[in-house]
Amino acid sequence: MVLKTPICTFDAKTGILCNLCENKLESGEITQADVDSSIILSKLAQKDPLVNKMTLVSAVEIEKELVLLLKNSDVRLIRSSDNLSEKINKGFGKAVWIIESDSNDRRFLENLFHPLHLESVNFVWLPDGSKLTRIVIEKFDYAKIDKNKLETVKKISMAVRQIDLIIEPEI
């Protein structure tokens, strides 16, 4: 298998977009984050055969964070190898969040909070028709979480899936 990305394999290896990929970028079908992530993963794939087997569905940049939406099996592979996760973070030079591309909302949230266990995920419908998602985390884990990370998780969930979060410790 060969690394699959939102841009052509040739473009990912050379770092120069062909007309087709350039048109996709201009039309908004793909983003600059997709392009940049494809190029970086392609460079990593040349050094690591595990990266070469991955499928990047898309990438989203949120402030100084990068979210990679990968195929489910790729996420499991990365999580099972600290070395691979470290290589990816180092290759991008920033914090990289690895998320399953075709997961449901609950699984998406579990990916964001990995390795923490979510005690419960509740969807609350408000009278105006909007929806809030309440996440309850074990008291012990909640106390250890950096509050800036919680804010980042909220921003990522809103940007990637339009999920408005309330995060609370278990009572």
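The values are calculated or read from the model by the stated rules, or taken from the named source; none is laboratory data. Bear in mind the structure is a predicted one, so any value in this text is a computation, not a measurement. Please note: Cβ atoms are built from the backbone with ideal geometry, for glycine as well, and neighbour counts cover all protein chains shown. In case anyone asks, the SASA skips ligands and DNA or RNA and just uses the protein heavy atoms, side chains included. Shrake-Rupley method; radii C 1.70, N 1.55, O 1.52, S 1.80 Å.
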Looking at (1) under 16 Å from V67 (Cβ atoms); (2) at pLDDT 90 or above, find the lone condition where H114 falls short.
-> (2)
Failed item in (1) modelled with pLDDT of 90 or more; (2) out of contact with any His (no Cβ under 9 Å at 6 or more places or on another chain); (3) among the β-branched types (V, I, T), with I145 passing the rest = (1)
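Return the only residue of S103, S38, S27, S73 being open to solvent by less than 90 Å² (accessible area, probe 1.4 Å) and within 17 Å of I163 (Cα to Cα).
On the way: S38 fails: within 17 Å of I163 (Cα to Cα); S27 fails: within 17 Å of I163 (Cα to Cα); S73 fails: within 17 Å of I163 (Cα to Cα).
Exactly one of S103, S38, S27, S73 is open to solvent by less than 90 Å² (accessible area, probe 1.4 Å) and within 17 Å of I163 (Cα to Cα), namely S103.
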Helices (runs of 4 or more DSSP H) completely within segment 1-111 that count 2 or more residues being under 25 Å from K154 (Cα atoms) | 32-47, 72-79, 82-92
Looking at segment 151-165, which of its residues are out of contact with any helix residue (DSSP H, G or I) (no Cβ under 9 Å at 6 or more places or on another chain) and either without any contact (Cβ under 8 Å) to a residue 12 or more places away in the chain or surrounded by fewer than 16 Cβ atoms within 10 Å (Cβ to Cβ) (or both)?
-> E151, K155, M158, A159, Q162
